[in-house]
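*Asks:* A single structure is presented below for examination.
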Amino acid sequence: MKATDKSRVLITALQLAPDQVRIITLNDDEALINYAKPIVAELRANMVRVDADFSATPFKAKISNAEQLRVHTMLVIGGRDMEAGAVSVRLHHGGPQGAKPKAEVIADILASIKERRT
């Protein structure tokens, strides 16, 4: 494999991804950030490589940045998600997966890593 080919290798397994999860808020609203921080803390407590983007950067730019960095799973949080106690899941090269209860998403991420699922 050439050195240039290494940058094109796709990481499809969650447990192998350098950045496993990124939490993205739609904007820098304090309520959204306060909703997202415990999710970040819970994932980190379970040894998940997680990062967060709570900036005022446009939402599409945040998604694009995470895709370029090959973040496996993106958890997008907006006002409706917060009201419903959910997060919207987006997978690298898998696109939007829809909104799901946050506890279910966290449990699924932890199980995927433990069971070495893609």
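*Asks:* Among the numbered criteria (1) buried (at least 19 other Cβ atoms within 10 Å of the Cβ); (2) touching a residue at least 40 places away in the same chain (Cβ under 8 Å), which one does residue 50 miss?
*Replies:* For residue 50, the exception is condition (2).
*Asks:* Can you tell me which residues in segment 107-118 are at pLDDT 85 or above, surrounded by fewer than 21 Cβ atoms within 10 Å (Cβ to Cβ) and out of contact with any helix residue (DSSP H, G or I) (no Cβ under 6 Å at 6 or more places or on another chain)?
*Replies:* Across segment 107-118, the qualifying residues are 107, 108, 110, 111.
*Asks:* Would you mention how many residues in segment 33-47 are farther than 23 Å from residue 80 by Cβ and in contact (Cβ under 8 Å) with a residue 24 or more places away in the chain?
*Replies:* Adding up the residues that qualify gives 1.
*Asks:* May I ask you to list the residues in segment 33-51 that are hydrophobic (A, V, I, L, M, F, W, C) and closer than 19 Å to residue 104 by Cα?
*Replies:* Correct list: 36, 39, 40, 41, 43, 45, 47, 48, 50.
*Asks:* Moving to a separate point now. Which of the residues that make up segment 72-100 are over 16 Å from residue 37 (Cα atoms), free of Cβ contacts under 8 Å to residues at least 24 places away in the same chain and exposed (fewer than 15 other Cβ atoms within 10 Å of the Cβ)?
*Replies:* Of everything in segment 72-100, those that are over 16 Å from residue 37 (Cα atoms), free of Cβ contacts under 8 Å to residues at least 24 places away in the same chain and exposed (fewer than 15 other Cβ atoms within 10 Å of the Cβ) turn out to be 80, 84, 94, 95, 96, 97, 98.
The values are calculated or read from the model by the stated rules, or taken from the named source; none is laboratory data. Here the structure is a predicted model, which is why all the values come from computation and not from measurement. Neighbour counts are summed over all protein chains in view; Cβ atoms, including those assigned to glycine, are modelled from backbone coordinates with ideal geometry.
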